[in-house]
Amino acid sequence: QQQVKQSPQSLIVQKGGISIINCAYENTAFDYFPWYQQFPGKGPALLIAIRPDVSEKKEGRFTISFNKSAKQFSLHIMDSQPGDSATYFCAASKGGGSYIPTFGRGTSLIVHP
Amino acid sequence: DAGITQSPRHKVTETGTPVTLRCHQTENHRYMYWYRQDPGHGLRLIHYSYGVKDTDKGEVSDGYSVSRSKTEDFLLTLESATSSQTSVYFCAIGEGTQYFGPGTRLLVL
């Protein structure tokens, strides 16, 4: 049973465009929602994260939008650049001593120059 | 970067042979994890540890065992490697936020 569903599987965007990746979760106990960025040949690295007490978090060109009632969260990359080409994973976890995250299956983003 | 190293970084082995992958951290994190990454499946948790000698299974633990005798080291063993275990293996540490190592690319022939 996939607890975090990520879409799309792949995304092609022109330089300067907006990239949008969506995730939906099922477990209402989740309280931490990070996004990871992975370049080829490297391990994933934290990009940005949000907790459900806020509806949006922005860091530079990257924004997480969170909809608690719909159990959805999304990553928006504004002014997408070729250097943003990577695989992006959403994840969800719950605290209280159990930190095991559940990952989405990933989105391969290609930004054409 | 979090101080996480994995060894070896690349390995080719034959079906039926035992393989051990090592993860070493210098961050003194309590939680350590082993994942495998395969196309179309994302990151799947194999085993994790929440302290020395405290380990538990993840969603794809069959065919794998782990050991953690020191805080800084977490070993993943494939007792008898199979071709289906060809994958990229990542170690991670952390609680909530995960910090990943550079990965080990394993090919089982």
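Filter the stretch A:86-113 down to the residues that are surrounded by fewer than 18 Cβ atoms within 10 Å (Cβ to Cβ) and not β-branched (Val, Ile, Thr), then identify the one that is nearest to the chain's Cα centre (by Cα). That would be A:SER108. The requirement of being within 13 Å of another protein chain (Cβ to nearest Cβ), out of contact with any Leu (no Cβ under 6 Å at 6 or more places or on another chain) and surrounded by fewer than 17 Cβ atoms within 10 Å (Cβ to Cβ) is satisfied by A:ALA45. A count restricted to the stretch B:26-58 and to residues that are in contact (Cβ under 8 Å) with a residue 24 or more places away in the chain and closer than 18 Å to B:THR77 by Cβ stands at 9.
Counting only residues that are more than 12 Å from chain A (Cβ to nearest Cβ) and outside any strand (DSSP E or B), which one in the stretch B:19-60 is least open to solvent (accessible area, probe 1.4 Å)? Among those that are more than 12 Å from chain A (Cβ to nearest Cβ) and outside any strand (DSSP E or B), it is B:VAL60. The single condition among (1) surrounded by fewer than 22 Cβ atoms within 10 Å (Cβ to Cβ); (2) more than 10 Å from chain A (Cβ to nearest Cβ) that B:ILE93 does not satisfy is (1). Note on the stretch B:70-90: residues that are open to solvent by less than 30 Å² (accessible area, probe 1.4 Å), more than 14 Å from chain A (Cβ to nearest Cβ) and not polar (S, T, N, Q) total 5.
Can you work out which of the residues in the stretch A:58-85 that are in contact with a Lys or Arg (Cβ under 9 Å, 6 or more places away or on another chain), open to solvent by 10 Å² or more (accessible area, probe 1.4 Å) and assigned to a strand (DSSP E or B) is nearest to the other protein chains (Cβ to nearest Cβ)? Per the criteria, the residue is A:PHE66.
Among the residues that make up the stretch B:65-80, is at least one of them in a loop (DSSP other than H, G, I, E, B) and of a type in the set (Lys, Arg)?
So in the stretch B:65-80, the residues in a loop (DSSP other than H, G, I, E, B) come out as B:71-72, B:79-80.
Subset that is of a type in the set (Lys, Arg): none.
The answer is no, given that none of the residues of the stretch B:65-80 is in a loop (DSSP other than H, G, I, E, B) and of a type in the set (Lys, Arg).
Taking the conditions exactly as written (under 23 Å from A:LYS94 (Cβ atoms) and basic (Lys, Arg)), does B:LYS57 satisfy them or not? So B:LYS57 fits the description; yes. The residue of the stretch B:86-109 that is farthest from A:PHE103 (Cα to Cα), among those that are free of Cβ contacts under 8 Å to residues at least 24 places away in the same chain and touching a Leu at 6+ places or on another chain (Cβ under 7 Å), is B:THR86. When the residues of the stretch A:1-34 are filtered to those that are more than 17 Å from A:LYS94 (Cβ to Cβ) and within 14 Å of another protein chain (Cβ to nearest Cβ), which remaining residue is least open to solvent (accessible area, probe 1.4 Å)? Out of the qualifying residues, it is A:ILE21.
The values are calculated or read from the model by the stated rules, or taken from the named source; none is laboratory data. Computed from a prediction, not measured in an experiment: that's the story for all the values here. Positions of Cβ are backbone-derived with ideal geometry, glycine not excepted, and every protein chain shown enters the neighbour counts. The area values use the complete protein model at the heavy-atom level, side chains included, leaving out ligands, DNA and RNA. Shrake-Rupley method; radii C 1.70, N 1.55, O 1.52, S 1.80 Å.
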